[in-house]
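Step one of this worksheet: look at the structure below.
Nothing in this text is a laboratory measurement; each read-out follows from the coordinates by a stated rule. These numbers were taken from a predicted model, which means no experiment stands behind them. For neighbour counting, all protein chains shown are included, and Cβ atoms are generated from backbone atoms with ideal geometry for every residue, glycine included.
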Amino acid sequence: MKFGVVFFPGANAADCFYVIDQVIGHPVSSIQPEERELVGFDCVILPGGFSYGDYLRAGALAGAAPVVEQIADFAEQGGLVLGIGNGFQILLNAGLLPGAMRKNENFRFCCRDVFLRVENSRTPFTNRYHQGEVIKYPIAHGEGNYYVDADGLAQLEQNGQVVFRYCNEDGELIPAANPDGSVGNIAGICNVKGNVLGLMPHPERCSEEILGNAYGLRLFLSVLDWWGIHTQEGVMTDE
Amino acid sequence: MFEAAVYVTLKKGILDPEGKAVKNSLRSLGYEQVEEVKSGKLFLLKLKTQDRKTAEEEVRQICEKLLVNKVLEDYTFELREVGR
């Protein structure tokens, strides 16, 4: 199984690349935004950062890059797509996930650790977490105030598409634990099939103990586990 | 040739922190009469399209494909013919 990381100008693609290449030691290649052919990848990552300077709207210009059309086809065929931070904004702009991002409710760029509750541990990206587990990831965004209308929210909840919610240390979904004003304290969602995940917090920035905690590492290991299950007919791979 | 002025604003009911912040600043400058401030964007496009009807359709597509996020934003545009 092979990872690809899209290197948009202005994105922090090297962080994701490093975690896969150096921390978990798995094959990974860079993908250019102009790429019109995606061959040989099993999981494509749209990294965080400020692609194209976040001109127009965060993620809007990257969402119109040629490679994103390829990623949409790739996702349609069941390929795994992970959008982190700015990558989540790109997935929303490209219509691969429902809803949109508003500017943070408190007008501020928010850069700190937050607590998250794992709302769906059955996705290819979260099977190493327990359902309802409280974890800690860092956030760093000014435009992460997730919006979807009431019908859209009901659909997300019904389909188990809400994957992460902002919570306090005890896992309570209180407004004070919501750093940006997102509806339903939503921090991450997936598509109906579960193969496309977008989240604002940054797992790649907490994948080693030296960075404060390693909660994020399990997201990347989940992908490997899911792939193991998938290719080895239900056999769970041991580390 | 046509010149299009595209105005993009947030839909009614969508939180507008920039507008809110500007309103608060105006109030603190003493402009108590300011009831509301809405922030938005203006794009000026020049198209080498020959006829008005085609230009209108092209600008509409440009708005829907890239300039506007239809979940959050509304848009209007004015089109005027300009010489080369």
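Note on the protein assembly as shown: the C-alpha convex hull projects to 19.9 nm² when averaged across all orientations. Within the shell of other residues whose beta carbon sits under 12 angstrom from the beta carbon of A:A13, the net charge comes to -3, with Lys and Arg scored +1 and Asp and Glu -1.
Using a ≥ b ≥ c from the Cα gyration tensor of segment A:1-156 (square roots of the eigenvalues), is it rounded, prolate or oblate, where a/c under 1.5 gives rounded and otherwise the larger of a/b and b/c decides, a/b for prolate? It comes out rounded by the Cα gyration axes. For the listed residue pairs B:K11/B:K53; B:K20/B:K48; A:K136/B:K11, the alpha carbons are over 30 angstrom apart in B:K20/B:K48; A:K136/B:K11. Summarising the strand pairing of the protein assembly as shown, around 75 percent of its internal DSSP beta bridges are antiparallel. Over segment A:127-239, the fraction of Cα-Cα pairs per 5 Å bin, rounded to whole percents and listed from the shortest bin up, is 2, 11, 17, 23, 21, 14, 7, 4, 1. About its Cα centre, the protein assembly as shown has a charge dipole of approximately 880 debye under the convention of +1 per Lys or Arg Cβ and -1 per Asp or Glu Cβ, with nothing else charged. Given R0 = 30 Å, the distance between the Cβ atoms of A:E69 and A:E172 translates into a calculated FRET efficiency of 0.15. Using the Cβ-Cβ distance between A:R112 and B:E18 with R0 set to 30 Å, the FRET efficiency works out to roughly 0.85. Taking a straight line from the alpha carbon of B:K23, these lysines sit under 16 Å away, with near neighbours fewer than eight places off in the same chain left out: B:K38.
Here the calculated FRET efficiency for B:K38 and A:M1, from their Cβ-Cβ distance with R0 = 56 Å, stands at 0.70, rounded to the nearest 0.05.
The packing ranking of peptides B:31-44, A:45-58, A:155-168, highest mean first, is A:45-58, A:155-168, B:31-44, where packing means the average number of other beta carbon atoms within 10 angstrom of each residue.
Just A:G184, A:G99, A:G25 to compare: in a GNM of chain A, with alpha carbon springs under 10 Å, which one fluctuates most? Comparing A:G184, A:G99, A:G25 in the GNM, the peak value goes to A:G25. The mean sequence separation of alpha-carbon pairs under 8 Å and at least six residues apart, normalised by the residue count of segment A:3-231, gives a relative contact order of 19 percent.
With the Cα gyration tensor of segment B:2-81 giving a ≥ b ≥ c as the square roots of its eigenvalues, does the rule (a/c under 1.5 for rounded; else a/b larger than b/c for prolate; else oblate) give rounded, prolate or oblate? Prolate.
Neighbouring Cβ atoms from other chains, within 10 Å of the Cβ of residues in A:52-61, number 2 on average.
If you take the square roots of the eigenvalues of the alpha-carbon gyration tensor of segment A:1-64 and sort them as a ≥ b ≥ c, do you get rounded (a/c under 1.5), prolate (a/b over b/c) or oblate? Since a/c reaches 1.5 but b/c is at least a/b, the shape of segment A:1-64 is classed as oblate.
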